[in-house]
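Right, one structure below, let's go through it.
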Amino acid sequence: MTTPTRFRTYYEDEDLWLYFETDEEGWATRHIEIRGMDSRPVTAASLEEVLHLRDHADAPAMLRYEHRYGVLAEGPLDGWQDQPYAAELPAEEFDHLWTEARQTLNTLAELSNGAP
């Protein structure tokens, strides 16, 4: 077992920055994806929220969540250190990125639903 970690990697083929917060076993607890070309977040998913929906909601609620926040990475994230541009992040930096990504995705969802 390892301690919880926050890190980033880059997928050059997709021009996508991936940010992860992992638990002691290396599984994602929070996952952010940001497109490189416009710095727009496309994913900001949380294990705690996914588990809550799984246990207390129906399939359409989970689909709405995934449509708004993307799909949480599954499985242990071993080997991230070998990925391009991999770097560990301080908790404060990850939390700042998380807050900004969630705000952006919420705003985009509200605009697409016609909310004021």
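Please treat every number below as a calculation from the coordinates, not as lab data. Bear in mind that the values here come from a model prediction, so they are computed numbers and not experimental data. So basically every Cβ, Gly included, is an ideal-geometry build from the backbone, and we count neighbours across all protein chains shown.
Compared with the dominant principal axis of the Cα atoms in the chain, helix 59-69 is inclined by about 60°. Dipole of segment 5-112 computed with +1 at Lys/Arg Cβ and -1 at Asp/Glu Cβ about the Cα centre; of 106, 84, 50, farthest Cα towards the positive end is 106. Residue order for 62, 37, fewest other beta carbons within 10 angstrom first, comes to 37, 62. Helix 91-112 and the long axis of the chain differ in direction by around 30°, with both axes built from C-alpha atoms.
Tell me whether segment 5-112 comes out rounded, prolate or oblate; compute the Cα gyration tensor, take square roots of the eigenvalues as a ≥ b ≥ c, and use a/c under 1.5 as the rounded threshold. Judged from the Cα gyration tensor, segment 5-112 comes out oblate (a/c at least 1.5, b/c at or above a/b).
Tell me the relative contact order for segment 5-112 as a rounded percent, counting alpha carbon contacts under 8 Å between residues six or more apart.
31
In this structure, the amide hydrogen of residue 36, modeled 1.01 Å from its nitrogen in the peptide plane, lies closer than 5 angstrom to those of 16, 17, counting only residues at least 5 positions away or on a different chain.
Here the simple spin-label model places points 7 Å from the Cα toward Cβ, and for residue 62 and residue 29 these points are separated by 2.2 nm. Annotation: amide H-H contacts under 5 Å for residue 27 (H modelled 1.01 Å from N, sequence separation of 5 or more, or interchain): 77. Close amide-amide hydrogen proximity is noted between residue 83 and no other residue 5 or more places distant or on a separate chain, at a cut-off under 5 Å (H modeled in the peptide plane; Pro and chain starts excluded).
Can you figure out the FRET efficiency of residue 3 with residue 100, using R₀ = 22 Å and their beta-carbon distance, to the nearest 0.05?
Taking R0 as 22 Å, the efficiency between residue 3 and residue 100 is 0.30.
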